[in-house]
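Note sheet for the following structure.
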Amino acid sequence: MRLTLSLLMVAALANIAFAADEITLTADHQKFTPSELSIPAGVKTKIVIRNQNAVPVEFESYDLSREIIVPGHGETAIYVGPLEAGSYQFFNDFDHDMKGSISVKARGN
Ligand SMILES: [Cu+2]
C-alpha cells in the first residue's frame, strides 16, 4: 500500500514536470506574446506556436536553427533543447519588427 502510494506520487510529479515543459507562444497582431519566454536549461521543451492572425507568420530563429511557417488562425509545435543557459532570439520572417526571445535558465537560479 505504501509502495503503491509512492509510485502514484512519482507519477503525479512526473506529470507536473511534463506539463511545465510545454509552453505556448501566441502571435497576435504585430507581436508575440509573451515576448520573452522562460524555460529551464537542459530540458527538451515543446513550444506551441499559435497564430491568431489571418495571415501566416514564419517563426524563425538563427540561435535555435528553426524556421517554420504557421498558417493564419493555425498552430504548430516545435521542440527545442535541451539548451544551455542563455538568451535565444526569434522573429517573424514575414515581419521583422515582430520578435522575441527565449530566456533559458539553469535550474535553481
Ligand atoms: Cu525564413
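Where a number appears in this text, it was derived from the coordinates with a stated rule and is not lab data. Being a predicted model, the structure only gives us computed values, none of them experimental. Here Cβ is always computed from backbone atoms with ideal geometry, including for glycine, and neighbour counts include all displayed protein chains.
Scanning residues 5 or more positions from T24 or on other chains, those with amide H under 5 Å from its amide H are V48, with H placed 1.01 Å from N in the peptide plane.
Using the Cβ of A77 as centre and a radius below 10 Å, the other residues enclosed give a net charge of 0, where K and R count +1 and D and E count -1. With both labels modelled 7 Å from their Cα along Cα-to-Cβ, the K31 to F94 distance reads 2.0 nm. From largest to smallest, the equivalent ellipsoid semi-axes obtained for the stretch 22-105 from the alpha-carbon gyration tensor read 21, 12, 11 Å.
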